[in-house]
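Step one of this worksheet: look at the structure below.
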Amino acid sequence: MTESADPGASAEAAISVRSLWKVFGPKADSIVGTPLAGLSRAELLEQTGCVAAVRDVSFDVAPGEVFVVMGLSGSGKSTLVRCLTRLIEPTAGSVLVSGEDILKASPARLRELRRTRFSMVFQHFGLLPHRRVIDNIAYSLEVNGVKKEMRHKRAHEVIELVGLHGYANHYPEQLSGGMQQRVGLARALAVDPEVMLLDEPFSALDPLIRRDMQNEVKRLHRDLGKTMVFITHDLAEALKLGDRIAIMRDGAVVQMGTPAEVVANPADEYVADFVRDVPKSHVLTLGAIARPAEPGEYLDGPRLDVTTLIRDASPVIADASGPIVVIANGEAVGVVTSDDVLRLIASEPTASEHEAR
């Protein structure tokens, strides 16, 4: 597995997951720490009747980070996110939220953490059909014992925040799927959680509505800076939303990194298949192709930051008479020319090659 997290839990992390396992089946507790744990999923099932849905997963999520977990159906991603709040009890490992091990929390403490420190948003909205939008949003505060006046005041604040102005008194059946999911987001935000866990929240939405909701999540993250763990099976969604991405297969994380790292350097053929059709210029930054200036190349051209996407920089590069200067913290770190961009594009598969695959 390719991983950038430290082996020891980070005190600065919003979430630290270490050696997390979830095994379903008879005598599941006897699997971890034995030679059986090294068997493939198919071999383990055949020999023991057990399924390792999450296998020795470790990662840190920094405060304010959007950490995306993606994989195909059955990869373990939804089981993983449910283990983080013990909606599914892990078999072994540790999950620390702001330094507190969730797996050691008493039932009462766990209920308190679920009400106040983290919120979940699911694919199925779970709205109460007999309650108005404002009361659905306020429900998370109601179970915390907040008085009606105060919870309605907070509900009105998040209604404005998620773009539901004018819909406070509507019922869920009067709303589109996208608007219902906005209610779900608002309900999760109402308690002002430290961490938001979103399990394929937009999978049931039409493509255009899904795109709008992705943009809404980006806007909310930009405005609020919440720590988010986002589960998806869609690579484009992962690349769009994630600061870092963990790709799962058969319960294990096979690669972890920034979108640019995953696209530029897939860890194996499984990951390579995921990213094969992704235009690299849409994901990689100038830093990925910047090179030292060659003799005779003048450094008086346009200056662009190292974090600029190649796609966004292309018009400037095309119009420049010479190389553009790539800068980081005000200092030149290399140059890029149109030839450098063309070499990148030429390395990508053609449409006929995609069809052949």
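The values are calculated or read from the model by the stated rules, or taken from the named source; none is laboratory data. A quick note: this is a predicted structure, and the numbers were derived from the prediction, not measured. No Cβ is skipped: glycine too gets one built from the backbone with ideal geometry, and neighbour counts run over all protein chains shown. Please note that ligands, DNA and RNA were not included when accessible areas were found on the heavy atoms of the full protein model with its side chains. Shrake-Rupley method; radii C 1.70, N 1.55, O 1.52, S 1.80 Å.
From the list Asp250, Asp312, which one is open to solvent by 70 Å² or more (accessible area, probe 1.4 Å) and over 22 Å from Gly71 (Cβ atoms)?
One residue alone meets the criteria, Asp312.
Scan the stretch 154-167 for residues that are surrounded by 16 or more Cβ atoms within 10 Å (Cβ to Cβ) and part of a helix (DSSP H, G or I) and report the count.
Final tally of qualifying residues: 6.
For the stretch 122-131, give me each residue that is within 24 Å of Met228 (Cα to Cα) and surrounded by fewer than 17 Cβ atoms within 10 Å (Cβ to Cβ).
Listed by number, the residues that qualify are His124, Gly126.
Do the conditions hold for Met213, that is, is it under 20 Å from Phe67 (Cβ atoms), in a strand (DSSP E or B) and either open to solvent by less than 70 Å² (accessible area, probe 1.4 Å) or in contact with a strand residue (DSSP E or B) (Cβ under 9 Å, 6 or more places away or on another chain) (or both)?
Considered against the rule, which asks whether it is under 20 Å from Phe67 (Cβ atoms), in a strand (DSSP E or B) and either open to solvent by less than 70 Å² (accessible area, probe 1.4 Å) or in contact with a strand residue (DSSP E or B) (Cβ under 9 Å, 6 or more places away or on another chain) (or both), Met213 comes out as no.
For the stretch 168-190, indicate whether the set of residues that are assigned to a helix (DSSP H, G or I), more than 19 Å from Val81 (Cα to Cα), of a type in the set (A, V, I, L, M) and touching a Lys or Arg at 6+ places or on another chain (Cβ under 9 Å) is non-empty.
yes
Of everything in the stretch 263-292 that's part of a loop (DSSP other than H, G, I, E, B), open to solvent by 40 Å² or more (accessible area, probe 1.4 Å) and modelled with pLDDT of 85 or more, which residue is nearest to Pro315 (Cα to Cα)?
Among those that are part of a loop (DSSP other than H, G, I, E, B), open to solvent by 40 Å² or more (accessible area, probe 1.4 Å) and modelled with pLDDT of 85 or more, it is Pro292.
Name the residue, out of Val32, Val66, Val81, that is closer than 24 Å to Ile247 by Cβ and in contact with a helix residue (DSSP H, G or I) (Cβ under 8 Å, 6 or more places away or on another chain).
After ruling out the rest, the residue left standing is Val66.
Do we find a residue being under 17 Å from the mean Cα position of the chain (by Cα) and of a type in the set (Phe, Trp, Tyr) anywhere in the stretch 18-27?
There is no residue in the stretch 18-27 that is under 17 Å from the mean Cα position of the chain (by Cα) and of a type in the set (Phe, Trp, Tyr).
Just give me the residues in the stretch 19-33 being open to solvent by less than 50 Å² (accessible area, probe 1.4 Å), at negative phi and not aliphatic (A, V, I, L, M), in sequence order.
Listed by number, the residues that qualify are Trp21, Lys22.
Can you tell me which residue is nearest to Val283 (Cα to Cα) among those in the stretch 216-232 that are surrounded by fewer than 16 Cβ atoms within 10 Å (Cβ to Cβ) and in contact with a helix residue (DSSP H, G or I) (Cβ under 8 Å, 6 or more places away or on another chain)?
Of the residues in the stretch 216-232, the ones surrounded by fewer than 16 Cβ atoms within 10 Å (Cβ to Cβ) are 218-219, 222-225.
Within this subset, residues satisfying the condition of being in contact with a helix residue (DSSP H, G or I) (Cβ under 8 Å, 6 or more places away or on another chain) are 218, 223-224.
Working: Lys218: 16, Asp223: 23, Leu224: 24 Å.
Within the stretch 216-232, the match that is nearest to Val283 (Cα to Cα) is Lys218.
Restrict the check to the stretch 120-136 and report whether at least one residue is under 28 Å from Thr232 (Cα atoms) and charged (D, E, K, R).
no
Does Pro295 meet the test of being touching a strand residue (DSSP E or B) at 6+ places or on another chain (Cβ under 7 Å), farther than 19 Å from Glu261 by Cβ and open to solvent by 30 Å² or more (accessible area, probe 1.4 Å)?
Values: touching a strand residue (DSSP E or B) at 6+ places or on another chain (Cβ under 7 Å): no; farther than 19 Å from Glu261 by Cβ: yes; open to solvent by 30 Å² or more (accessible area, probe 1.4 Å): yes.
Considered against the rule, which asks whether it is touching a strand residue (DSSP E or B) at 6+ places or on another chain (Cβ under 7 Å), farther than 19 Å from Glu261 by Cβ and open to solvent by 30 Å² or more (accessible area, probe 1.4 Å), Pro295 comes out as no.
Among the listed residues Ser94, Ser119, Ser75, identify the single one that is surrounded by fewer than 21 Cβ atoms within 10 Å (Cβ to Cβ) and not in a helix (DSSP H, G or I). Explain how you work it out, then say what you get.
Values: Ser119 fails: surrounded by fewer than 21 Cβ atoms within 10 Å (Cβ to Cβ); Ser75 fails: surrounded by fewer than 21 Cβ atoms within 10 Å (Cβ to Cβ).
After applying the criteria, what remains is Ser94.
Checking the conditions here, which among Val341, Val336 is open to solvent by less than 40 Å² (accessible area, probe 1.4 Å) and at pLDDT 90 or above?
None of the others qualify; the one that does is Val336.
Identify, by number, the condition in (1) free of Cβ contacts under 8 Å to residues at least 40 places away in the same chain; (2) open to solvent by less than 10 Å² (accessible area, probe 1.4 Å); (3) within 19 Å of Val61 (Cβ to Cβ); (4) of a type in the set (A, V, I, L, M, F, W, C) that Ala260 doesn't meet.
Among (1) free of Cβ contacts under 8 Å to residues at least 40 places away in the same chain; (2) open to solvent by less than 10 Å² (accessible area, probe 1.4 Å); (3) within 19 Å of Val61 (Cβ to Cβ); (4) of a type in the set (A, V, I, L, M, F, W, C), the lone unmet condition for Ala260 is (2).
Is there a residue in the stretch 132-146 that is modelled with pLDDT of 90 or more, farther than 21 Å from Leu87 by Cβ, open to solvent by 40 Å² or more (accessible area, probe 1.4 Å) and touching a helix residue (DSSP H, G or I) at 6+ places or on another chain (Cβ under 8 Å)?
No, the stretch 132-146 contains no residue that is modelled with pLDDT of 90 or more, farther than 21 Å from Leu87 by Cβ, open to solvent by 40 Å² or more (accessible area, probe 1.4 Å) and touching a helix residue (DSSP H, G or I) at 6+ places or on another chain (Cβ under 8 Å).
Exactly one of these conditions fails for Met1: (1) at pLDDT 90 or above; (2) aliphatic (A, V, I, L, M); (3) within 20 Å of the chain's Cα centre (by Cα). Give me its number.
Of everything listed in (1) at pLDDT 90 or above; (2) aliphatic (A, V, I, L, M); (3) within 20 Å of the chain's Cα centre (by Cα), Met1 misses just condition (1).
Does any residue in the stretch 85-101 that is within 19 Å of Arg55 (Cβ to Cβ) and touching a residue at least 60 places away in the same chain (Cβ under 8 Å) come within less than 6 Å, Cβ to Cβ, of a residue that is in a strand (DSSP E or B) and among the hydrophobic types (A, V, I, L, M, F, W, C) six or more places away or on a different chain, and which pairs are these?
What qualifies is Pro90/Leu20; Thr91/Trp21; Thr91/Val23; Ala92/Trp21; Gly93/Leu20; Gly93/Trp21; Val95/Val17.
Condition first: surrounded by fewer than 24 Cβ atoms within 10 Å (Cβ to Cβ), touching a Lys or Arg at 6+ places or on another chain (Cβ under 7 Å) and in a loop (DSSP other than H, G, I, E, B). Now tell me which residues in the stretch 192-202 satisfy that.
Across the stretch 192-202, the qualifying residues are Pro193, Glu194.
May I ask you to verify whether Leu299 is of a type in the set (A, V, I, L, M, F, W, C), more than 30 Å from Ser73 (Cβ to Cβ), at pLDDT below 90 and not in a helix (DSSP H, G or I)?
On the way: of a type in the set (A, V, I, L, M, F, W, C): yes; more than 30 Å from Ser73 (Cβ to Cβ): yes; at pLDDT below 90: yes; not in a helix (DSSP H, G or I): yes.
Answer is yes for this residue.
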